[in-house]
Every structure is written in structure tokens, then in C-alpha cells.
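Here is the structure we will look at.
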Amino acid sequence: MAQREEPRPVAPPELGSAEPLRSDAARNRERILKAARALFAEHGLNVPLEAIAERADVGIATLYRRFPTRDELIAASFEDKMRRYSEAVRDALELPDGWSAFCQFVNEACAMQASDIGLRDVLTLTFPESPSLEEQRRRTADGFAEIVRRAQDEGTLRNDFVTQDFVLLLLSNAGVISGMRNAAPDAWKRHVALMIQAYRADHAAPLPDPPTHEHVWAAMNRPDRG
């Protein structure tokens, strides 16, 4: 009969041993986010997660432990830029007239898209798993609605402009940036300038009906993010 092996005593954890584990986890998280921000900016939201783990010098299991879904990683990676997006509308609201505020914010938002391939699409997507990111989006939307009201009240922005039209502009700008980024990377500036001129009240002509808020929300909640 085989001799029964006595259980080995389990050594108690050393004092302070938990803290290095927490520090390691925090360092890994920051390395993953740094790699994700760089690769999303260079290649867009569909970059393989394995490439992010490799750039961060961590295993793919570590990446999934920190960020179980791609959406969670995207949301965490773009929190700072979404905060800047929200600040941009607050900066515009400080201008003395509605039309200047409208032009400044629209130009800055579109420039932010052009500066980061990932952000190009993040601005037209929703991330329900990230309440903080969605709160930044809500604040931006509320501020932009105030800009629209001011510009329309002063008679400079056409009265039939609705906030859904801004989402359409971001979507079209994303297409111009994507299609022209190698041949003419600044072509988006002309596109945005043409659209801003079309929004002026003195250029107004009848338009087809805009999409509803529900239609826009459905488009922003599309699953094609990898």
C-alpha cells in the first residue's frame, strides 16, 4: 500500500505581499492602455487584441483579466480624449456669439477625429459599459444643444438644423478621413468648411426630414467595432 503523503503546511502570506500584486496589476493596466491608445490611434478600433498585448509586453490572458471585453478597453483608452471633447464644448460656450461657438466646436471635434483613427469612430459610437464615458458624451450633447439654440436665436444658424445633423457630419467626416488619409490627409478640412457654410441661415433651403433621435442612437450603437 502506498504510503499516505502528509499534507504540507501552507506558509502564511508575508506581510505586505498583497501590495506588490496590486502594483503589478496597476502597472500592467497602464501598459495595456498605453499600447491600446497608440494602436487604436494608428490602426483603428479593430486592431487585434493580441497585438495590443504584445505591444504592452503582457500575455493575452492578462489583457482579458484587466479588460474582459473590447468595448471596456476602448472606453478606458479614450476616457481622456472624451473628457477633452466635453471640455471643447464648454470652451466654445464661453465665446460671445452662437455662430462663433458653433464653428469653433464643430471644427475642433472634426479635428479630433482627424488626429486619431480610433477616436474618429469613437465619437459616433456608444459605450453603455462605461458610464463615465457616456456621461462625458451627455454633457457634450447638452452643451452643443445650447450652442445650437443660441446660434438659431441670433439668426445665424439655419432653423432646421438639429443635433442629429452633427452626428451625420461626424459620420461623413470619418468617411472622408478614412478615404483620403493617404492621398490628401487634410481633405477633411474642406469638407467641414463646406458643411459649416451650408449650415448658415442665409444659405438655407428646404431639406429632407432628418433622422430621428432613435435612428441616430441605433446607428451609434452599431456592433461593427471589432
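Table for the structure above
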item	result
Residue in segment 73-86 that is in contact with a helix residue (DSSP H, G or I) (Cβ under 9 Å, 6 or more places away or on another chain), within 24 Å of Ala201 (Cβ to Cβ) and surrounded by fewer than 21 Cβ atoms within 10 Å (Cβ to Cβ) present	no
Criterion: within 23 Å of His43 (Cα to Cα) and assigned by TED's automatic domain parsing to the domain that holds Leu171 - qualifying residue of Ala141, Ala92, Ala151, Ala109	Ala109
Qualifying position, being of a type in the set (S, T, N, Q) and more than 15 Å from Met220 (Cα to Cα), among Gln164, Gln136	Gln136
Residue within segment 69-88 that is touching a residue at least 60 places away in the same chain (Cβ under 8 Å), outside any helix (DSSP H, G or I) and acidic (Asp, Glu) present	no
Filter result (of a type in the set (Gly, Ala, Ser), crowded, with 21+ Cβ neighbours inside 10 Å and more than 17 Å from the chain's Cα centre (by Cα)) within segment 96-151	Gly98, Ala101, Ala151
Checking Arg138 against (1) over 19 Å from Glu87 (Cβ atoms); (2) modelled with pLDDT under 95, the condition it does not meet	(1)
Count of residues meeting criterion [in contact with a helix residue (DSSP H, G or I) (Cβ under 6 Å, 6 or more places away or on another chain) and among the small types (Gly, Ala, Ser)] in segment 95-120	4
Selection from segment 19-41 of residues that are modelled with pLDDT of 95 or more and either acidic (Asp, Glu) or not in a helix (DSSP H, G or I) (or both)	Glu30
Extreme residue, farthest from Gly44 (Cα to Cα), among residues of segment 155-182 that are among the hydrophobic types (A, V, I, L, M, F, W, C) and in contact with a helix residue (DSSP H, G or I) (Cβ under 6 Å, 6 or more places away or on another chain)	Leu157
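Conditions tested, residue by residue: (1) without any contact (Cβ under 8 Å) to a residue 12 or more places away in the chain; (2) in a loop (DSSP other than H, G, I, E, B).
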{"site": "Glu129", "(1), (2)": "no, yes"}
{"site": "Leu133", "(1), (2)": "no, no"}
{"site": "Ala145", "(1), (2)": "no, no"}
{"site": "Val148", "(1), (2)": "no, no"}
{"site": "Asn173", "(1), (2)": "no, no"}
{"site": "Ala183", "(1), (2)": "yes, yes"}
{"site": "Leu194", "(1), (2)": "yes, no"}
{"site": "Pro210", "(1), (2)": "no, yes"}
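The values are calculated or read from the model by the stated rules, or taken from the named source; none is laboratory data. Keep in mind the model is a prediction, meaning the values are calculated, not measured. A quick note on method: Cβ atoms are made from the backbone with ideal geometry, for glycine too, and the neighbour counts reach across all protein chains shown.
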